[in-house]
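The values are calculated or read from the model by the stated rules, or taken from the named source; none is laboratory data. Because the structure is a prediction, the values reported are computed rather than measured. As a convention, Cβ positions derive from the backbone with ideal geometry for all residues, glycine included, and neighbour counts pool all protein chains shown.
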Amino acid sequence: MEESPDWATLSPEEFAHLQKYLDYSSKKVQDVLQDFYGDGALSQHRQGECVDFEGFKLFLKSYLEADDISDALCRHLFMSFQTTAAGQPGAGAGSDLVCVNDVSCYFSLLEGGRPEDKLEFTFKLYDKDGNGLLDSSEVDRIITQMMRVAQYLDWDVTELKPILQEMMREIDYDGSGTVSLAEWLRGGVTNIPLLVLLGLEVHMKDDGQHMWRLKHFNRPVYCNVCETLLVGLRKQGLCCTFCKFTVHERCARKAPPSCISTYAKSRKEAGVQAHVWVKGGCEAGKCGKCQKKIKSFQSLTGLHCVWCHLKIHEECLACVAPTCDCGVLRDHVLPPSAIYPVVLERQNSQKNGSGTPLEETPQAFATPEGQALRVSPVLDTHPLLVFVNPKSGGKQGERVLRKFQYLLNPRQVYNLLKGGPTPGLNFFRDVPDFRILVCGGDGTVGWILDAIDKANLPRRPPVAVLPLGTGNDLARCLRWGGGYDGENLAKILKDIEGSSVVQMDRWHVQVLPENPAEKGDPVPYEIINNYFSIGVDASIAHRFHVMREKYPEKFNSRMKNKLWYFEFATSETIFATCKKLKECLSIECCGTPLDLSGALSGVAVLNIPSMHGGSNLWGETKRPLGEARNASGAGQPQAITDAETLKTCVQDLSDQRLEVVGLEGVIEMGQIYTGLKSAGKRLAKCSEITLRTLKHLPMQIDGEPWMQPPCTIKITHKNQTPMLMAAPPRSSSFFGLKKGPVEA
Ligand SMILES: [Zn+2]
Ligand SMILES: [Zn+2]
Ligand SMILES: [Zn+2]
Ligand SMILES: [Zn+2]
């Protein structure tokens, strides 16, 4: 294989930056590539199979959907392709051209998708005459691109390189020097390290298959196959997400398909759960049986149970009862013994002769592989159904998905990007007392609540939130915090166990355009969970939204988000749009017209006491001592609009009432976002709202902005949904006392 002397023309920071662009871009390299051919926009920059720097830059801008890619990044990337093209006629270190294939091969490896498709795409890129054969130097170039991607993904390629070389020897077994597509695919999909590099995806089809990923360890770890130490400066190996079986890359092929069963395969396995032991994974731990330290004598030591996570000495195994209680997380876990194929049940009922007639048994859930499974959870548990949106919160989402797959049964954990919420809701439909955990932003929570509306479940399950990304107003109000920061997930599961159910109001919003023929942006939602606004606030959100799509790298921390809001808030154009709001807007609360006099640039309608990442537009209310909380809105159809009465009104997400707040102007908005000012002007508290507009105005629902032509908007109560609210933070009075008056 050709050795590239200059791998690192792109710094790790630049590569991280590039990946961020890729995360936000919706384009596929295959599509943008077309611009170089025919009369495409970039065709003038192509010379044969190569492109010049100018063309490369335009390609990057189009592919990454960003205008502000730094010149240095473009140049460094370009140079990295020049070095690999060395030796090719027309493109080399000397000339100012790079090979189109190398560029697209590289980016296609970084894109999402199935490994088989990536392998096939890369093959076809280099098979220019389309005869289905590659010569060995072309295959070498593909491998060079793969190695490059591997290195940037923080992979020590000293293990990978011999594996790929061996793969090449095996593929071209006759030594003819050419490789067919079939050979290339067969070699690729049986090469586990290569599949991991290509983003291997295991479906829940076959229990027993490990789900590998590359992992670095900061302590000595031994291979579960050859039992010798993992090597490399950063102790790298492949580790199974489900059972923590860990191997050298070179040993992956020899690993037995001994991964966990996610459901009972026989009558014997149904009903009572047994421990499932995997060797190793006990480093520096204490034995759960004899309480003595599990010492590693430079070998694979100890056993851990994949369900209860108990760690023990091998010699203590005989003293441990075989039954597994699923450990500290048992309230959440659906053990495999609680999930069994319907076939087993039928045998059962036939045997004792008194079985329920088949048509009366509840609808069983069929897995994608056609196995009908029935769930019968352990008594007095609350099996947790977890939905993860891996697109929320950068890489954090994928990490959370993986960790929950280990902590719980993988059949409890659903990736929302693969088939949405329906498969999970169907699987849990008849599980009594199940709870839901949504890992994502407020938008993801809204998505799941909608899905629950539509699923028509026998009982509405309560929903907890693990907030990913920024914003997360709903999660804040329910005390789950503003954004997950890598805290221990087992602890978060314990918090869910100790949480309580609150009913949250949800509101129906109907937008009736004045002129149905006039097309505005599509209205993002029909339901309000958090808040709705018109005018200055919405226009800021609208610009913010557009900017975030365009410049993702400027929005990478919560603090920066706040500063950007401030910058938008002081922009002149927005000020002009909303200055005369009262001339083109009227509002009725429970039939009472609202007085919109005074300087008003925006109006917000609130269901929950948080907006745009923790700002509270309604503000704090000092509750008079001894007074009970606000009575439910159900008995009071009138709107409260009197300024003095409004001063005493407390926000409550289950009172079937909405709060209406007026916003003076952009300066005030900026001050509220940055915490300099606490609230807007209280206008009303009511049970239904009608708004009429006479001009195009920016609006938003739950942080999703759009531009709306003149219309009538009706907001009415839809329903209540149970949400899980975390316990208030432990009283700090003990420490408070110590700090405070103790010395006095
Ligand atoms: Zn495994
Ligand atoms: Zn090994
Ligand atoms: Zn166990
Ligand atoms: Zn022991």
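Inspect all residues belonging to the range 283-295 and state whether any of them is assigned to a loop (DSSP other than H, G, I, E, B), more than 35 Å from the chain's Cα centre (by Cα) and more than 10 Å from ligand 4 (Cβ to nearest atom). So far as the range 283-295 goes, yes, one or more of its residues are assigned to a loop (DSSP other than H, G, I, E, B), more than 35 Å from the chain's Cα centre (by Cα) and more than 10 Å from ligand 4 (Cβ to nearest atom). Across the range 213-251, the number of residues qualifying as more than 15 Å from ligand 1 (Cβ to nearest atom), in a loop (DSSP other than H, G, I, E, B) and in contact with a Pro (Cβ under 8 Å, 6 or more places away or on another chain) comes to 2.
If we scan the range 302-314, do we find a residue that is assigned to a helix (DSSP H, G or I), surrounded by fewer than 17 Cβ atoms within 10 Å (Cβ to Cβ) and away from ligand 1 (no atom under 16 Å from the Cβ)?
From the range 302-314, those assigned to a helix (DSSP H, G or I) are 314; that's our starting set.
Keeping just the survivors that are surrounded by fewer than 17 Cβ atoms within 10 Å (Cβ to Cβ) gives 314.
Restricting the remaining residues to those that are away from ligand 1 (no atom under 16 Å from the Cβ) gives 314.
Yes - at least one qualifying residue is present in the range 302-314.
Checking each residue in the range 445-480 for being free of Cβ contacts under 8 Å to residues at least 24 places away in the same chain and part of a helix (DSSP H, G or I) picks out only 454.
Would you check which residues across the range 253-266 are farther than 28 Å from residue 340 by Cα and either within 16 Å of ligand 4 (Cβ to nearest atom) or at pLDDT 90 or above (or both) and list them? Hit for the range 253-266 is 254, nothing else.
Looking only at the range 256-285, residues that are within 16 Å of ligand 3 (Cβ to nearest atom) and within 17 Å of residue 221 (Cα to Cα) come to 6 in all.
Give me the residue from the range 178-212 that is part of a helix (DSSP H, G or I) and surrounded by fewer than 15 Cβ atoms within 10 Å (Cβ to Cβ) and, out of that set, nearest to ligand 3 (Cβ to nearest atom). I'd like the intermediate steps shown before the answer.
We begin by selecting, within the range 178-212, every residue part of a helix (DSSP H, G or I); these are 181-189, 192-197.
This time we only want the ones that are surrounded by fewer than 15 Cβ atoms within 10 Å (Cβ to Cβ), so: 182, 186.
Details: 182: 44, 186: 39 Å.
Top of the filtered list is 186.
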